[in-house]
Every structure is written in C-alpha cells, then in structure tokens.
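Below is one structure, written out as structure tokens, with a few remarks after it.
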Amino acid sequence: MKTLKFKLYEHKRNRHLKRMINAAGVIYNHCIALHKRYYRMWGKHLNCAKLQSHIAKFRKRNQFWQSIGSQAVQDICQRIEKAYQLFFKHNKKGVRPPGFKKVKKYKSFTLKQAGYKFLGGNRVKVGNRVYQFWQSREIEGKIKTLTIKRTALGELFMVVVVNNELEPEIKSTTGKIAGFDFGLKTFLTCSDGTSIKSPQFLKQSLNAIKKASSNHSKKVKWSNNRERARKNLVRKHEDVYNTRRDWFWKLAHKLTDNFDVLCFETLNLKGMQRLWGRKISDLAFGEFLQILEWLAKKKNKQVIFVDKWYPSSKTCSHCGHILENLDLSIRQWRCPSCQSINERDENAARNIQMVGASTIGLGDVRLAMPAIAV
C-alpha cells in the first residue's frame, strides 16, 4: 500500500467539496447521538450494520445528506465502529469513546470503489463535478480509496491510497549496524560517538506563535479580523510541522543509506510527555520513528527495538557491569569494575547496538561509520 497526497487547485467550485465535508460532519454527529441514545435505552452497543441500514433510509429523505456518496456514509459508520472497538479494548488505559465534533472542524470523507473518476492528466471527477489538482507524481497501481481532506486554513487535499505491487524494491547493502539513543539535549547519539542535534523548530518559532496567538485572542469574536488572525496562527503551526517533517525525512534517508540495521530503545512516550511536556512534543520521537520504519522497509533495511526495561544507560559497554542507581543529571560515570569512563548517551547507544545485534543473531559486526546529521 502507498499513500499519495495532492493539493487541489483553489476554485470557487471547491465550495461543493466543502459542503460535502460539512454533510459528513453532520452525519457523523447524528451517528454518535444514535449510539448514545441506543445505549441509554437498551444498555447495548449499536451494531454497525444496523446503523448503516438506518442512515441509508434516513438519507433518502434528507437532500443535504445526499450531497455525499453512499460509500462515504458507510465509511463514517465504520470509522465510529473502529473507535468504539478501541475504546472497549483499551478503556482501562484512558482511551475515551468517540464524541461529537464541530462541523466546521470536521476534516474529511473517504470514497472507495465509486463516487470518483480520474479523467487523465491532473483532473478528477468527484460526484458530478471536475476538479484539478497539483500532479506532483504519477498515480501508479490500483486505486483503493480516495479521501478529500480539509485543513484548518480551508485548503483541500486529495489523498489517494494505491496498491502498487509492481514497485521494485531498493536494495543497497553497507554491512553496517548502529545503535541510537534518544536524548533531550541531543536528538540522537550514535554508537560510534557522533551526535545529531535537533533544531527544536517549535522552540525557535515560539515567540512568533505567542504573538500570533495573542493577536488572535484580542480580536472581536466572529469578526473577519479574528478569522484572519486565526489563519495566521494556523500558518505558524503548519510551518513548524512542515519544517520538522522535512528534517525527519532527510535524516531518515541519511541513516538508512549509511546503515543496514538500526537499533533503538523502545520509548515510553506518554511518560516522557508527562515529565517534559512541550519539549517532547517538539522533538517528536514517535513521528520520526514512523517515518524511519516506513523508509527502512522500502529500502529493505531493518529497524530493531530493544526492550524499554533494558538498563542501557546503567550498563557498562566495556565489561557489562550494571549500576544499581544512575541519576539523570549524571552525564559521565566511571565503571567500578573495569574503571573505564562512560559517557551516558554514547554508552547507552553502544549497549543498544550490541543487544540489537544479538537479537537478530549477528556475530561479528563491523563498527558503524559516523551518522551524518542533516
């Protein structure tokens, strides 16, 4: 499966797509209300098939609901069903059931086999109207779904999921393995001693975001000035998101080009979020790992995760001695067994590399070359 994203041209006919997204938001809220009412009356979960049957009948009498395709309505019911199943499975972990959403903030609708048609070039027909999009790449493979997405700025994007079975695998081998340790001051520390610092894009733009937020809060509610200030604030956040994501992709390409096996420690991101808050959100370790895993799979590389309870920082990488306690403020420590001096992050990265190598049964592994920061 491959996901392609294209931006639609700005045009006055785009209001029809936005109207369809609003209709999807109204149907979504109606389905949530039906779920809640059904549970109050019968004490049971409303079956997805029953919900789809009811919405299909009600949709025939509502002209506004008919502006969106029947498959998109079915997908809304399936989304809600998945959200409830996750709630039933993980409610003890703090997962909440799906709730109501503001229609103007509702984001997208999805079409599967019907309701759209590609007309060649950069034109696509959704419903009864033709729209143009920025064709940054060719759409190759069998199209599975098409999603129309609306951003907070009101821009429209088309997300196409294709099943590209003919895409050749990229095979390049370096014979190198490396372990990496995430940190707060340095984004990544490699097992060879090199470190990669994070630009901390949110921290760099924080003053501009605060100023834009202050301007937004001072405007009169429901005024045009407030809407302009809101869009300016959204642009500031989008700039941070886009620059950070671009940096992640470039760094992931560098690492996967330099190493065949990349070893990381499993992170407790929720616990880190509670301790360090905004800094963890700015570093966005989870988002980087998602990009790296996808790219490694495409390039036929391997990403290994070491157990999060493994004491990588407290274990001496020279003799294997494990300390009982190691405070977070201590960045260097001397091993009481072999008297070697260990730098905290580099030592952890070496231990992660060795454990990762033993996990996949590698015996003699060459030391990794330095990773290059973007």
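The values are calculated or read from the model by the stated rules, or taken from the named source; none is laboratory data. Keep in mind it's a predicted model, so treat the numbers as computed, not measured. Virtual Cβ from ideal backbone geometry, glycine too; neighbours counted across all protein chains shown. Side chains included, ligands, DNA and RNA excluded: accessible areas come from the protein's heavy atoms. Shrake-Rupley method; radii C 1.70, N 1.55, O 1.52, S 1.80 Å.
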Stretch N207-Q85 to full length: gain in nm at 0.36 nm per residue minus the Cα-Cα span? 39.8 nm
For the pair E238/Y39, report the inter-label distance in nm, with labels modelled 7 Å from Cα in the Cβ direction. 3.5 nm
Considering Cα pairs under 8 angstrom that are at least six residues apart, work out the relative contact order of the range 102-215 and quote it in whole percent. 15 percent
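Hey, what's the Kirkwood Rh for the range 1-153 if you take every pair of different alpha carbons, in angstrom?
Details: mean 1/r = 0.0587 Å⁻¹.
One over the average 1/r among Cα pairs gives 17.0 Å for the range 1-153.
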Between W276 and C319, the FRET efficiency computed from the C-beta separation at R0 = 30 Å comes out, to the nearest 0.05, as 0.40
Give me the accessible area per residue for the chain, probe 1.4 Å, as a whole number in Å². 60 Å²
Kirkwood hydrodynamic radius of the range 112-164 from all distinct Cα pairs, in Å? 11.9 Å
Identify unpaired cysteines across the chain, taking unpaired to mean no other cysteine Cβ lies under 4.7 Å from the residue's Cβ. C31, C48, C77, C190, C263
What accessible surface, in Å², does a 1.4 Å probe find on R13, ignoring ligands, DNA and RNA and rounding to the nearest 10? 80 Å²
Against the 2.2 N^0.38 Å rule of thumb, the C-alpha Rg of the chain sits at a ratio of 1.21
Can you give me the distance in nm between label points at K107 and L119, each placed 7 Å from the Cα along the Cα-to-Cβ direction? 2.9 nm
Give me the percent of the accessible area of the range 91-246 that comes from carbon and sulfur atoms, probe 1.4 Å, all protein chains in place. 49 percent
Accessible-area ranking of H321, H35, largest first, probe 1.4 Å: H321, H35
Tell me the label-point distance for the pair H16, K219, using the 7 Å Cα-to-Cβ offset, in nm and rounded to one decimal. 3.0 nm
Add +1 for every Lys or Arg and -1 for every Asp or Glu among the other residues with Cβ under 13 Å from the Cβ of S329, and state the total. +2
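With runs of 4+ DSSP H residues as the only contributors, calculate the mean residue ellipticity of the chain at 222 nm using -39,500 (n - 2.57) per run, divided by the residue total and rounded to the nearest 500.
Value at 222 nm, helices only, nearest 500: -14000 deg cm²/dmol.
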With r as the distance between the Cβ atoms of I330 and Q200 and R0 = 25 Å, compute the FRET efficiency 1/(1 + (r/R0)^6) and round to 0.05. 0.60
